[in-house]
Amino acid sequence: MRLAVLSDTHGRPVPEACAERLRAADLVLHAGDVGTEAALEGLRALAPGIVAVRGNVDRAGLGLPERQEVDAGGVRIGLVHDAGPAKGRLARLRERFPGCDVVVFGHSHVPLLEQEDGFTILNPGSATQRRRQPRHTMVEGTVEGGRPSFAFVDLD
């Protein structure tokens, strides 16, 4: 199973390199701050099965939940926008999402992949608004045999 993971697009169109990966994915995960209804519809046009959560700039009218869990080829993935402070984040997310193998989050625009004892936390950065980061990023993932793997994609 092919995954595309993004966050913090803030109503801006994604670059073509990102759009290509969204179209090719079996499952697209967006960790919040989609921005507007038009932006959400634009993403759904690229990836009809997109799973997204509400970020701090998303209005309740977008109809997105604050957190969500999905099954991806036998791997349980949780999504939330704001994972809180860096200190203790992995343990906190493991506790907040019992039964999940992976938790995807956003908010900071800072790419992160951290793993411990078979549990992974992942922030894809932002495909459209890099802020203090050197590159616009997203993540491609695969699930094979019930095992996930992830790689950052530099979109610049």
Under-5 Å amide H pairs with G32, H placed in peptide plane, nonlocal only: D8, V53
Using just the helices of the chain, give the 222 nm mean residue ellipticity in deg cm²/dmol: DSSP H runs with n ≥ 4 each add -39,500 (n - 2.57), and the total is spread over all residues, rounded to 500. -5000 deg cm²/dmol
At most 12 other Cβ within 10 Å, DSSP loop - trypsin sites (Lys or Arg not before Pro), the stretch 101-148: R131, R132
Given a Förster distance of 25 Å, report the FRET efficiency between E16 and A38 from their Cβ-Cβ distance, rounded to the nearest 0.05. 0.85
Apply the Karplus curve 6.51 cos²θ - 1.76 cosθ + 1.60, θ = phi - 60°, to the phi angles in the stretch 79-92 and return the couplings in whole Hz, x for Gly and Pro. 10, 8, 7, 9, 9, x, x, 4, 5, x, 4, 4, 5, 5
Need the full-extension length gain, K87 to F119, defined as separation in residues times 0.36 nm minus the C-alpha distance. One decimal, nm. 9.9 nm
A72's amide H: which non-local residues (gap 5+, or another chain) put their own amide H closer than 5 Å, with H modeled 1.01 Å from N in plane and none for Pro or chain starts? I77
Between (i) 38, 18, 10; (ii) 21, 17, 16; (iii) 31, 15, 14, the structure-derived semi-axes √(5λ) of the Cα gyration tensor in Å is (ii)
Over the chain, what is the mean sequence separation of C-alpha contacts under 8 Å (at least six apart), divided by residue count, expressed as relative contact order in percent? 25 percent
Averaging sequence separations of C-alpha pairs under 8 Å and six or more residues apart, then dividing by the length of the stretch 1-91, give the relative contact order as a whole percent. 25 percent
Please list, in chain and number order, the residues 5+ apart from M138 or on another chain whose amide H is under 5 Å from its amide H, with Hs placed from the backbone. V153, L155
What whole-number distance in Å separates the alpha-carbon centres of the stretch 50-123 and the stretch 1-25? 17 Å
Under the Karplus curve 6.51 cos²θ - 1.76 cosθ + 1.60, θ = phi - 60°, whole-Hz ³J(HN,Hα) for the stretch 61-68, x wherever Gly or Pro sits: x, 6, x, 9, x, 6, 8, 7
Karplus (6.51, -1.76, 1.60) ³J(HN,Hα), θ = phi - 60°, over the stretch 99-108, in Hz, Gly and Pro reported as x: x, 8, 8, 9, 10, 9, 9, x, 6, 7
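Quick note: the coordinates plus some simple rules give every number you see, no bench work behind them. Keep in mind it's a predicted model, so treat the numbers as computed, not measured. Note: ideal-geometry Cβ built from the backbone for every residue, glycine included; neighbour counts use all protein chains shown.
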